[in-house]
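> Shown below is the structure under consideration.
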Amino acid sequence: MKIKFSTDSTCDLPKHFIEEYDLSVLPLVVNLGDDEFFDGVNITPDDIFAYVKKTGELPKTAGRGIEDFKEYFTNLLKDADAIVHCGIGADLSVCYQNACLAAKEIGEDKVKIIDSRALSVGTGLIVMSGTAAYRAGASLDEVVKNMTDAAKNVQSSFMVERLDFLHKGGRCSRFTFSMATLLRIKPRLEVVNGKLINTGKEVGPMRVVLKKYVDTILSKYNNPRRDCCLIAHTRMDENLLNEIVEYVKSKNIFDHVEECLAGSVITSHCGEGTLGILYLNDGKN
């Protein structure tokens, strides 16, 4: 059976992973005012920052409708016997629900939808896990189980340097925004049971904060698969980024550590200077 693996543009995987694992990626929508763009196709994070600087307004993001998914899946099935699609988590976007409804119309024996319970490269890691299992000889049902289990153990978290995007988007109050800016408080966001919540904070310069964050996450989620850790980020100082990548590598936990730039959808919600380390925490390779 030929299985095609699919995700959406919020997976934020580097291009070489998309190609290596032969993934199909459905772009989500970013609106700048009245203009519609497709994440990873005709808009970049730099376009987001330029728009916000010019207008003082945030972009608006949107999932894809049922008909979009039906057309997308139907085209993929022209060259595959089945599709396994895993995109942004069910509690984080309407995409999961719409994908499920499209799959039901096409045939749930042909289109399997996995709830990633994650976002950004957390989703990507789940898809990579399923693809690796398939290439090792797993059946369709075994692939679905592999990815469903991985979704229960994906570690998705981020440190946010600036709260201006969260404030503009109505995700934190003016008082919280003002006090956090004054006191240099950076929130730690984690996806817990599929929901993005604030699980803590750090105070101080970002270099110190990020190292504390790395230590906290590696201690809290301490049964990682050793094969891969991805460090997703929005635009930030290159020297600082490289320092954090080397800091994670120095732990000698992961066989492969790589940074990747978040796409336009993720950037639209968290703004500049956000960084997260993401990995599968079920101790299997």
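> Given VAL29, VAL111, which one is buried (at least 22 other Cβ atoms within 10 Å of the Cβ), of a type in the set (A, V, I, L, M, F, W, C) and modelled with pLDDT of 95 or more?
Sole residue among the options that is buried (at least 22 other Cβ atoms within 10 Å of the Cβ), of a type in the set (A, V, I, L, M, F, W, C) and modelled with pLDDT of 95 or more: VAL111.
> State all residues of segment 89-114 that are closer than 20 Å to LEU140 by Cα and touching a Phe, Trp or Tyr at 6+ places or on another chain (Cβ under 6 Å); if no residue qualifies, say none.
Answer for segment 89-114, where residues must be closer than 20 Å to LEU140 by Cα and touching a Phe, Trp or Tyr at 6+ places or on another chain (Cβ under 6 Å): ALA99, ALA102, ILE106, VAL111.
> Still on this model: Need pairs with beta-carbon distance below 8 Å; first residue at negative phi and within segment 80-108, second hydroxyl-bearing (Ser, Thr, Tyr) and assigned to a loop (DSSP other than H, G, I, E, B); sequence gap 6+ or separate chains.
Qualifying pairs under 8 Å: CYS86/SER116; GLY87/SER93; GLY87/SER116; ILE88/SER116; GLY89/SER116.
> What number goes with the only condition from (1) touching an Asp or Glu at 6+ places or on another chain (Cβ under 6 Å); (2) modelled with pLDDT of 90 or more; (3) not in a loop (DSSP other than H, G, I, E, B) that GLU243 does not pass?
(1)
> Now a separate question. Checking PHE17 against (1) modelled with pLDDT of 95 or more; (2) surrounded by fewer than 19 Cβ atoms within 10 Å (Cβ to Cβ); (3) within 20 Å of ALA232 (Cβ to Cβ): exactly one of these is not met. Which one?
(2)
> Evaluate segment 115-122: report whether one residue or more is under 13 Å from the mean Cα position of the chain (by Cα) and in a helix (DSSP H, G or I).
yes
For (1) surrounded by 16 or more Cβ atoms within 10 Å (Cβ to Cβ); (2) closer than 18 Å to LEU119 by Cβ; (3) under 20 Å from the mean Cα position of the chain (by Cα); (4) not polar (S, T, N, Q), each residue gets a yes or a no:
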| site | (1), (2), (3), (4) |
| --- | --- |
| LEU189 | yes, yes, yes, yes |
| LYS201 | no, no, no, yes |
| PRO205 | no, no, no, yes |
| LEU210 | yes, no, yes, yes |
| ASP227 | yes, no, yes, yes |
| LEU240 | yes, no, no, yes |
| ILE244 | yes, no, yes, yes |
| ALA262 | yes, yes, yes, yes |
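> Ok, one more. Which count do you get for residues in segment 109-147 that are in contact (Cβ under 8 Å) with a residue 24 or more places away in the chain and on the phi > 0 side of the Ramachandran plot?
2
> So GLU142 clears everything in (1) modelled with pLDDT of 95 or more; (2) surrounded by 17 or more Cβ atoms within 10 Å (Cβ to Cβ) except one condition, right? Which one?
GLU142 satisfies every listed condition except (2).
> Among (1) touching a residue at least 24 places away in the same chain (Cβ under 8 Å); (2) of a type in the set (A, V, I, L, M, F, W, C); (3) over 23 Å from ALA103 (Cβ atoms), which single condition is PHE73 missing?
That leaves (3) as the condition not met.
> Would you please list the contacts, defined by Cβ atoms under 6 Å and residues six or more apart or on different chains, that run from a residue in segment 210-232 that is among the small types (Gly, Ala, Ser) to a residue that is buried (at least 19 other Cβ atoms within 10 Å of the Cβ)?
Note: pairs meeting the criteria are ALA232/ASP12; ALA232/SER120; ALA232/VAL121; ALA232/CYS260; ALA232/ALA262; ALA232/GLY276.
The values are calculated or read from the model by the stated rules, or taken from the named source; none is laboratory data. None of these values were measured; they are calculated from a predicted model. No Cβ is skipped: glycine too gets one built from the backbone with ideal geometry, and neighbour counts run over all protein chains shown.
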